[in-house]
Amino acid sequence: MENRSHALWAGFFTVAMLCATVFAGIWFNRDKTQRVEYQIVSQRAVTGLNPQAAVRYKGLAVGRVDKIDFDPAQAGQILIDISIDPDTPITQTTFATLGYQGVTGIAFVELDDENTNPVKITMNEGKFPRIPLHPGLFERLEQSSARILNNVELVSERMAQMFTPENQKTILGAFSSTSSATTRWKGVAEALEPGVNALPGLLHQTDLTLMSVQNLSKSTTQLSQQLTELTHDLQNPDGALHHTLSTFSNLGDSLQSETLPGISALTNDASGSMKSFNHAMEELKEHPQNLIFGKPAPTPGPGEAGYVEPGR
């Protein structure tokens with residue numbers, strides 16, 4: 001009996017030492033870091049997220065998930081209590097998403113910021129600051145997949161509508177028309193083949209024409225240069241044009257000062273001669289006998305020999 005009693009006490013002592021060791025290990029290994037508590041608000045599923053899951057900010061581990069529960073104030077809303085390091089820059093535009101580790105399906109909370117409002121979030125009336133939960137990558141892929149499937153179904157329905165028997169006949173008729181058009185185009189290509197074969201000669205002729213145009217352009221340039229030189233020579237004070245104009249100017253002055261007065265005097269003499277000639281012609285017209293017998297002597301006047309008084 002005494003041996004059994006000692007063995008029983010030894011067993012109690014061993015169990016107590018093991019419990020004390022485990023308690024001491026838990027006590028000394030507990031997380032002594034002071035953290036700040038926040039609440040993540042979600043209207044969507046949080047599949048794979050469990051308490052003690054990691055919380056990361058831009059990929060850095062900053063805390064853990066403490067509790068996941070429904071919001072008693074709003075049906076269908078989930079509240080996720082998290083505690084993170086106080087140095088984490090949680091602002092008014094910080095949001096949360098769910099990330100997944102590999103293919104295990106274990107989720108963690110990923111915090112990020114839109115960087116549009118740097119004001120830090122604060123506790124309001126004793127309530128934990130709330131952070132909205134945005135759709136994660138897989139959720140966005142799921143939503144995109146749903147839209148893609150809807151579009152595929154819509155395309156399938158339209159394809160089925162398009163390939164009705166009536167439309168099939170129309171499509172076959174279009175193919176037949178296309179075949180006829182292809183045959184016609186083949187004939188057009190054969191008709192155009194001589195013209196295509198003549199293109200090299202036409203291109204050669206075009207090159208010759210271009211060379212001729214270039215030569216003409218050079219000749220025009222040379223002619224322009226010559227005209228420029230001629231214009232310069234004509235405008236030169238010592239040039240032939242200026243000398244000719246000076247000669248004509250001197251000739252004009254000479255005509256005005258010497259020749260024109262002589263011509264004017266000659267014109268006056270000719271005018272007097274013409275008057276005398278006209279007077280003679282008038283007398284000849286009145287007395288044509290004067291041309292044969294000569295001009296009669298004038299009648300004697302008073303006091304002259306042969307004068308006869310009138311009335312005798």
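The values are calculated or read from the model by the stated rules, or taken from the named source; none is laboratory data. The shown structure was predicted, so the numbers you read here are calculated from the model rather than taken from an experiment. Counting neighbours? That spans all protein chains shown, and the Cβs are built from the backbone with ideal geometry, glycine included. Just so you know, the surface numbers come from the protein's heavy atoms only, side chains and all, with ligands and any DNA or RNA stripped out. Shrake-Rupley method; radii C 1.70, N 1.55, O 1.52, S 1.80 Å.
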Original post:
Which of (1) open to solvent by 70 Å² or more (accessible area, probe 1.4 Å); (2) outside any helix (DSSP H, G or I) is the odd one out, the single condition ARG147 does not satisfy?
Top reply: (2)
**OP:** Within the range 1-37, track down each residue that is modelled with pLDDT of 80 or more, among the hydrophobic types (A, V, I, L, M, F, W, C) and assigned to a helix (DSSP H, G or I).
**Re:** VAL15, ALA16, MET17, LEU18, CYS19, ALA20
**OP:** Being more than 41 Å from the chain's Cα centre (by Cα) and either among the hydrophobic types (A, V, I, L, M, F, W, C) or surrounded by 10 or more Cβ atoms within 10 Å (Cβ to Cβ) (or both) narrows it down to one of LYS169, LYS127, LYS186, so name that one.
**Re:** LYS169
Original post:
Does SER254 qualify as being modelled with pLDDT of 65 or more and open to solvent by less than 90 Å² (accessible area, probe 1.4 Å)?
Top reply: no
Subject >> Search result, residues across the range 60-89 that are open to solvent by 50 Å² or more (accessible area, probe 1.4 Å) and under 51 Å from the mean Cα position of the chain (by Cα) >> reply: LEU60, ALA61, ASP87, PRO89
Original post:
Taking into account only those residues within the range 105-124 that are part of a strand (DSSP E or B) and closer than 9 Å to GLN92 by Cα, which is least open to solvent (accessible area, probe 1.4 Å)?
Top reply: ASP113
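For LEU202, are the conditions met, namely being in a helix (DSSP H, G or I), at pLDDT 70 or above and aliphatic (A, V, I, L, M)?
Spelling it out, LEU202 is indeed in a helix (DSSP H, G or I), at pLDDT 70 or above and aliphatic (A, V, I, L, M).
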